[in-house]
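Report on the structure given below.
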Amino acid sequence: MGSRSRIIGCGSYLPEKILTNDELAIAVDTSDEWITARTGIKRRHIAGEGEFTSDLAHQASIRALENAGIKATDLDLIIVGTTTPDETFPATAVTLQGRLGLQGGAAFDVQAVCSGFIYGLSIVDSMLRSGQVETALVVGAETMSRILDWEDRATCVLFGDGAGAVVIKAENGVAETTETPGILSTHIHSDGQLRDLLYCDGGPSTTGNAGVVKMMGKEVYKHAVTNLTDVVVEALAANSLQPEDIDWLVPHQANRRIIDSTIKKLGLAEDKVVMTIADHANTSAASIPLALDAALSDGRIQSGDLILMEAMGGGLTWGAAIVRW
Ligand code: UT7
């Protein structure tokens with residue numbers, strides 16, 4: 001008998017304003033045809049003036065807590081994966097903790113860019129299973145629109161704003177088999193030699209402002225397909241499972257072509273993939289919990305399903321989490 005971290009609730013939030021490819025093409029030298037063909041993106045949500053990452057995180061968290069059927073005061077840990085914090089400090093997780101009316105427990109941010117949600121799951125899983133905490137909230141929340149160069153068509157068309165959250169609870173005295181609900185394993189990686197492929201050119205210790213996203217798209221693309229395929233294989237092997245055991249792949253939504261190439265390499269059927277990129281674009285750390293919530297809300301993900309989540313982002317960082325629902 002052992003313990004397992006079980007996801008007991010999920011929620012998400014998207015800002016009201018939608019920016020379509022056609023609207024974007026009025027201000028930027030691009031087209032709906034190019035964006036759709038190269039990425040699969042059709043539209044993205046953009047945070048309103050005065051709407052911050054913590055506001056998006058707060059809304060998603062309220063929905064996740066409601067879905068879990070617990071009160072915010074039941075939480076003893078909050079982790080927010082974000083690369084667009086409200087301020088340099090305090091952590092957006094601490095701001096969220098205050099907004100949820102909490103004074104106890106711990107709250108901190110994880111900076112792993114698009115892999116932030118997977119990194120958050122990995123930390124929480126270790127802390128829950130070691131008995132340090134009992135009930136945790138993991139949020140991915142971003143206002144990517146605030147760190148984009150809106151004159152750089154190679155990057156500004158790719159991203160969107162949003163947030164997703166999950167409530168995770170420790171279940172003790174359970175059999176540690178691949179059939180037992182909960183997180184089966186997490187796998188995280190980074191390679192700092194590749195930092196220049198995707199970075200933000202500002203920060204408190206360098207320029208003093210937030211900077212904008214800089215990306216060598218083709219290079220990132222190549223690493224994405226290789227690293228994501230490898231980390232999915234690693235996660236399956238760690239649990240003696242096969243690609244055909246996966247009921248739902250919930251991938252980071254950066255580019256439809258990256259997802260298509262990854263599933264082709266894995267031999268996974270297209271109808272086993274949760275795809276939200278057309279409506280959300282790349283929401284960095286928020287993209288996996290947003291996609292997860294979409295597939296839970298419409299009933300695609302059912303109790304007992306095997307879920308594989310994977311992501312890659314700036315750093316480069318990448319990772320996967322495998323979950324029995
Ligand atoms: O979430 C973090 C991880 N990020 C990623 O995984 C992103 C990985 N990279 C990608 O998804 C792709 O590389 C992009 C979608 C960013 C770009 O697609 P691509 O097929 O690699 O295009 P490219 O950068 O090679 O550009 C092809 C052409 C260029 O024109 P020329 O040099 O062939 O004349 C670009 O100038 O497309 C042009 N271009 C555009 N045209 C219209 C670049 N951006 C645009 C645009 N609209 N928005």
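The values are calculated or read from the model by the stated rules, or taken from the named source; none is laboratory data. Bear in mind that the values here come from a model prediction, so they are computed numbers and not experimental data. Please note: Cβ atoms are built from the backbone with ideal geometry, for glycine as well, and neighbour counts cover all protein chains shown.
Determine, yes or no, whether G304 is assigned to a loop (DSSP other than H, G, I, E, B), surrounded by fewer than 18 Cβ atoms within 10 Å (Cβ to Cβ), without any contact (Cβ under 8 Å) to a residue 12 or more places away in the chain and not assigned by TED's automatic domain parsing to the domain that holds Y13. Answer is no for this residue. Please determine whether any residue of the range 239-247 is within 15 Å of the ligand (Cβ to nearest atom), buried (at least 22 other Cβ atoms within 10 Å of the Cβ) and either outside any loop (DSSP other than H, G, I, E, B) or assigned by TED's automatic domain parsing to the domain that holds G313 (or both). Checked against the condition, which is being within 15 Å of the ligand (Cβ to nearest atom), buried (at least 22 other Cβ atoms within 10 Å of the Cβ) and either outside any loop (DSSP other than H, G, I, E, B) or assigned by TED's automatic domain parsing to the domain that holds G313 (or both), the range 239-247 yields no hits at all. The set of residues in the range 10-33 being within 13 Å of the ligand (Cβ to nearest atom) and touching a residue at least 12 places away in the same chain (Cβ under 8 Å) consists of N21, L24, A27, V28, D29, T30, D32.
Each row is one residue, and each column tells you yes or no for (1) in contact with a strand residue (DSSP E or B) (Cβ under 7 Å, 6 or more places away or on another chain); (2) within 17 Å of I41 (Cβ to Cβ).
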site	(1), (2)
L249	yes, no
Q253	yes, yes
R257	no, yes
G267	no, no
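The set of residues from the range 167-207 being touching a helix residue (DSSP H, G or I) at 6+ places or on another chain (Cβ under 6 Å) and either among the polar types (S, T, N, Q) or under 30 Å from E66 (Cβ atoms) (or both) comprises V167, I168, A170, I183, S185, T186, I188.
For the range 256-266, indicate whether the set of residues that are farther than 23 Å from G140 by Cα, among the acidic types (D, E), more than 11 Å from the ligand (Cβ to nearest atom) and touching a residue at least 40 places away in the same chain (Cβ under 8 Å) is non-empty. No, every residue in the range 256-266 fails to be farther than 23 Å from G140 by Cα, among the acidic types (D, E), more than 11 Å from the ligand (Cβ to nearest atom) and touching a residue at least 40 places away in the same chain (Cβ under 8 Å).
For the range 207-225, the criterion of being within 16 Å of the ligand (Cβ to nearest atom), outside any helix (DSSP H, G or I), free of Cβ contacts under 8 Å to residues at least 24 places away in the same chain and closer than 24 Å to K42 by Cα is met by at least one residue.
Is it the case that G162 is buried (at least 22 other Cβ atoms within 10 Å of the Cβ) and in contact (Cβ under 8 Å) with a residue 12 or more places away in the chain?
yes
The set of residues in the range 159-217 that are closer than 17 Å to V110 by Cα and of a type in the set (S, T, N, Q) comprises T186, S190. Just to be sure before I move on: is I46 surrounded by 16 or more Cβ atoms within 10 Å (Cβ to Cβ), within 13 Å of A141 (Cα to Cα) and either of a type in the set (V, I, T) or more than 21 Å from the chain's Cα centre (by Cα) (or both) in the structure I sent? In short, yes.
Count of the range 307-325 residues, restricted to those that are under 11 Å from the mean Cα position of the chain (by Cα) and surrounded by fewer than 24 Cβ atoms within 10 Å (Cβ to Cβ), is 0.
For the range 153-172, the set of residues classified as β-branched (V, I, T) and within 16 Å of the ligand (Cβ to nearest atom) consists of T155, V157, listed by residue number. Taking the criterion of being in contact (Cβ under 8 Å) with a residue 40 or more places away in the chain and either within 16 Å of the ligand (Cβ to nearest atom) or touching a Phe, Trp or Tyr at 6+ places or on another chain (Cβ under 6 Å) (or both), would at least one residue in the range 44-58 satisfy it? Looking through the range 44-58, at least one residue is in contact (Cβ under 8 Å) with a residue 40 or more places away in the chain and either within 16 Å of the ligand (Cβ to nearest atom) or touching a Phe, Trp or Tyr at 6+ places or on another chain (Cβ under 6 Å) (or both). Could you tell me whether any residue of the range 282-292 is farther than 16 Å from S12 by Cα, crowded, with 19+ Cβ neighbours inside 10 Å, in contact (Cβ under 8 Å) with a residue 60 or more places away in the chain and out of contact with any Asp or Glu (no Cβ under 6 Å at 6 or more places or on another chain)? No - not one qualifying residue is present in the range 282-292. When restricted to residues that are part of a helix (DSSP H, G or I) and within 28 Å of G182 (Cβ to Cβ), the range 10-63 contains 8.
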